[in-house]
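Note sheet for the following structure.
Throughout, read-outs are computed from the coordinates displayed, never taken from laboratory work. Since we're looking at a predicted model, the values are computed, not measured. Please note: Cβ atoms are built from the backbone with ideal geometry, for glycine as well, and neighbour counts cover all protein chains shown.
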Amino acid sequence: MRTRYMVLLPIALLLAQRVVFSQSHPPVYRVIVHPSNPNSSFDRRLLGEAFLKRVTRWPNDEVIHPVDLDAASPVRRRFSEEVVRRSVTAVKSYWQQQIFSGRDVPPPELDNDEQVVRFVLKDPGAVGYVSVDANLNGAKVLSVK
């Protein structure tokens, strides 16, 4: 019986640690799209692929135009880690390879939330992310599944 507890205890501690970790990291960003975008949610994996320009169209066939925050932004760091599943440095390296091979160019990098919101509001196919307290000025929040 004691052996069973010795095996189960580390598993229980790991699960408890994950719960505490996930609760201690509240969302720091919101994904936004143009108000005319018919999507209310989007798959996390596909969204990450859109920011790498491997997925290029929304389900309604509109071209996706992703926009990033500046590489130094903590919001970008979290978005990259959670959605793109790569560090900002790894994403930069990916884009250097794409540019060098002549395949594509990275999404534009904007300095702040306000610029990202303006970009998204001007382009029906745009998608960006901003801090949770950003003024959206009518941009639509996209739920990420």
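Just a few scattered comments:
- Annotation for residue 54 and residue 36: the two label points, set 7 Å from Cα along the Cα-Cβ direction, are 3.0 nm apart.
- For region 27-144, the spread of Cα positions along the three principal axes, ordered from largest to smallest, is 37, 31, 23 Å.
- Taking other C-beta atoms within 10 angstrom as a stand-in for reagent exposure, 64, 99 fall in the order 99, 64, fewest first.
- By the beta-carbon count within 10 Å of each Cβ, the least crowded to most crowded order of 73, 40, fewest first, is 40, 73.
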